[in-house]
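The values are calculated or read from the model by the stated rules, or taken from the named source; none is laboratory data. This is a predicted model, so every value here is computed, not measured. Here Cβ is always computed from backbone atoms with ideal geometry, including for glycine, and neighbour counts include all displayed protein chains. In case anyone asks, the SASA skips ligands and DNA or RNA and just uses the protein heavy atoms, side chains included. Shrake-Rupley method; radii C 1.70, N 1.55, O 1.52, S 1.80 Å.
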Amino acid sequence: MNDIFRNTLKRVKPIRFREPLAETLGALKEEGALDYNFIDVVKMSGHACPTVSAAYLCCQTALEKLYGDTIPVRGEIAVTVYGEPDEGVYGVMAQVFSFLTGAAAATGFKGLGHRFKRKDLLRFHLEKVDPEAMCFEFRRLDNGKAVLVRFYPQRIPFPEEKAKQLSHLLQPVLWEAATEEETKQFQGLWMEKVEHMLLKREGTERWLQLEERRGQNERS
Amino acid sequence: MNAAKTIDVKGLDHAEREGLIFPGVEALKDGETLRIVVEFNPVPLVYLLKAQDNFDISYEKEGPDEWILRVAKGSAQEDQKGQFKELLTQLREGEASPETKEKARTLLQQVDAKTLGVLEQELIREGVSHEEIRRSLCDIHLEVLRDSLVAKRTEVSAPHPVHTFMQEHEIILDNLRELGSLVDRLKGLNSFDGMGEDLEKLEDIAHHLVEAESHHQREEEVLFSELEKRDIVEPPEIMKMDHVEFRKRKQELYQLSHRPREHDFNKFKARVIELGEYLARELESHIFKEDNIIYQIALQVLIPEDWERIKRLCDELGYCCFTPEDQKE
Ligand SMILES: [Fe+2]
Ligand SMILES: [Fe+2]
């Protein structure tokens with residue numbers, strides 16, 4: 001297998017899941033959990049950027065809160081996106097949530113008998129919860145526990161000087177006019193922001209906030 | 001009263017419908033009436049026919065599962081359209097004589113932008129290729145129609161999206177004028193050093209041109225798609241083909257200007273002159289067509305609610321670095 005991803009991206013803590021559908025249908029040679037790595041998300045999205053990174057972290061922190069020391073179960077998590085599918089980057093983030101949790105939109109798996117239904121576990125909601133934040137709810141279907149994630153993209157720390165350099169380099173890169181050096185510089189700055197979000201994890205609480213939600217059908 | 005001829009296009013697809021309706025309308029003689037039976041409300045058709053002035057249009061039946069349109073050809077109106085098409089055909093075939101141009105100009109005093117768009121569509125339907133239209137018809141528009149079109153133009157004020165588009169055009173035109181004079185200066189030079197500040201200036205101009213891509217994107221994804229939804233397909237199609245041509249050349253110019261010294265000066269010079277002259281000429285003419293034809297059709301066809309939606313979608317797509325701040329609000 002070729003392995004050409006940046007090493008730093010490989011150091012991101014994976015999200016561990018159980019996947020009952022794979023267990024039942026025999027895709028696994030033994031019982032066990034599956035690790036979904038950030039690299040897997042990069043493969044799915046086709047790139048790494050602050051939005052994709054934020055989606056990964058939103059999902060990871062929400063699941064840590066919902067499951068504690070136990071292992072999250074794919075297909076037993078419902079996700080509500082408080083935005084429209086084609087609004088801003090809501091759709092891009094939703095795709096990451098869907099890839100990780102198995103929660104699918106209308107195009108998802110309809111299930112086998114009464115089990116494994118993935119369709120409609122991912123929903124888009126028009127109404128906004130917070131005018132400043134992009135909001136997402138992750139809900140456990142087995143016990144009804146839910147968390148609301150608020151993501152404030154504009155609060156992700158990044159030095160103004162570097163942001164300026166990035167936007168300055170964007171056109172030459174997009175129009176394939178950049179020199180080799182400029183391309184490297186651009187990629188370096190881009191990855192710096194991504195790696196800071198994914199690996200440093202300091203000050204994350206400024207731009208990513210969680211709160212527990214009372215569910216209608218919560219059981220304790 | 002004469003018995004009206006009836007064309008029933010229920011169950012046919014778009015192309016088949018047009019293939020029956022337009023020749024049918026075309027064949028109408030003064031005082032004759034055509035009944036068109038459709039399974040939906042033929043709003044775009046009514047727009048197109050009304051734009052031609054010499055038809056009297058009324059609904060004989062309005063739904064719910066069948067609409068019948070009566071198209072009566074007036075007798076008083078001269079056949080403006082026929083004359084016009086004949087003129088355009090003459091103009092297309094070669095250098096227009098001053099008399100032909102003058103005739104066209106007089107005729108055009110009575111024609112508005114929408115009729116013009118319709119005429120363009122008809123020529124395409126009759127088998128004139130897009131490319132040919134691009135080359136000849138549009139140039140003729142520019143040459144012959146300039147004054148009368150500008151005179152008939154509807155002006156809107158901020159924050160109307162058309163106002164923003166037109167303001168951006170003004171800025172793009174300024175930039176193109178700078179490009180034009182830079183190209184003229186370049187013609188007399190024989191080294192990069194001789195270019196002095198123009199080397200940097202060229203990069204600014206090229207950067208400005210690629211920044212304008214967001215303007216074209218808003219046109220295509222928002223405004224043109226609204227027109228296409230209303231069956232006004234060909235004029236936006238022509239504009240989009242222009243955008244593709246511009247994009248290729250803007251990219252090459254931008255690449256040349258960003259890394260000039262990687263090239264041999266004479267090759268660099270020849271390319272910059274060719275690209276610069278093309279863009280200065282063609283983009284200017286493109287902008288003229290948009291200001292005076294496409295945007296004008298849009299202003300006639302779209303209603304205030306449409307413009308609100310268009311504004312919102314434009315806001316979401318974002319603006320060029322040079323779009324005046326007050327337009328973005
Ligand atoms: Fe355009
Ligand atoms: Fe334009």
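Output wanted: per-residue J couplings in Hz (rounded whole) for segment A:35-49, from phi through Karplus 6.51 cos²θ - 1.76 cosθ + 1.60, θ = phi - 60°, x for Gly and Pro.
9, 9, 8, 4, 4, 4, 5, 5, 5, 5, 7, x, 5, 10, 8
So, by mean Cβ neighbours within 10 angstrom, what's the order for B:206-218, A:144-156, B:60-72 with the highest one leading?
Result, highest mean first: B:206-218, A:144-156, B:60-72.
In sequence order, what are the phi-derived ³J(HN,Hα) couplings for segment B:244-250 according to the Karplus relation 6.51 cos²θ - 1.76 cosθ + 1.60 with θ = phi - 60°, rounded to whole Hz, with x for glycine and proline?
Whole-Hz 3J(HN,Hα) from phi for segment B:244-250: 4, 4, 5, 4, 4, 6, 4.
What list of ³J(HN,Hα) couplings, whole Hz, do you get for segment B:205-218 from phi and the Karplus terms 6.51, -1.76, 1.60, once you set θ to phi - 60° and write x for glycine and proline?
4, 5, 4, 4, 5, 6, 4, 5, 4, 5, 5, 4, 5, 5
Using a cut-off of 27 Å between alpha-carbon atoms, which lysines can reach residue B:267, once sequence neighbours fewer than 8 places away in the same chain are excluded?
Excluding near neighbours in sequence, the set is B:187, B:201, B:248, B:250.
Using a 1.4 Å probe and ignoring any ligands, DNA or RNA, find the accessible area of residue A:183 and quote it in Å² to the nearest 10.
Roll a 1.4 Å probe over it and residue A:183 shows about 40 Å².
At 222 nm, what helix-only mean residue ellipticity would chain A give, in deg cm²/dmol to the nearest 500, using -39500 (n - 2.57) for each DSSP H run of four or more?
Numbers: 8 runs with 83 residues, N = 220.
Using -39500 (n - 2.57) per qualifying helix, the result is -11000 deg cm²/dmol.
Are there GluC sites (Glu not before Pro) in segment A:128-220 that DSSP marks as loop and that have at most 16 other Cβ atoms within 10 Å, and which are they? Walk me through the numbers before you get to the answer.
Working: sites: A:132, A:137, A:160, A:161, A:176, A:180, A:181, A:182, A:192, A:195, A:202, A:205, A:211, A:212, A:218; in loops: A:132, A:176, A:202, A:218.
Sites meeting the loop and neighbour criteria: A:132, A:176, A:202, A:218.
Looking at segment A:29-104, which GluC sites (Glu not before Pro) are DSSP coil and have at most 10 other C-beta atoms within 10 Å of their C-beta?
When the GluC sites (Glu not before Pro) of segment A:29-104 are filtered for loop state and at most 10 Cβ neighbours within 10 Å, A:30, A:31 remain.
Heavy-atom accessible surface, probe 1.4 Å, ligands and DNA/RNA ignored: which residues of segment B:243-261 lose at least 30 Å² versus the isolated chain?
So the qualifying set is B:251, B:254, B:255, B:258, B:259.
Given R₀ = 30 Å, FRET efficiency for residue A:114-residue A:47 by Cβ-Cβ distance, to 0.05?
With R0 = 30 Å, the Cβ-Cβ based efficiency is 0.20.
Here are some pairs, A:13/A:145; B:73/B:289; B:289/B:311; A:10/A:193; A:110/B:229; which of them have Cα atoms lying more than 26 Å apart in this structure?
B:73/B:289; A:110/B:229
List the GluC sites (Glu not before Pro) within segment B:267-313 that DSSP assigns to loop and that have no more than 14 neighbouring Cβ atoms inside 10 Å.
Passing both the DSSP loop test and the Cβ count: no residue.
Where does helix A:90-101 land angle-wise versus the long Cα axis of chain A, in degrees 0 to 90, nearest 10?
50
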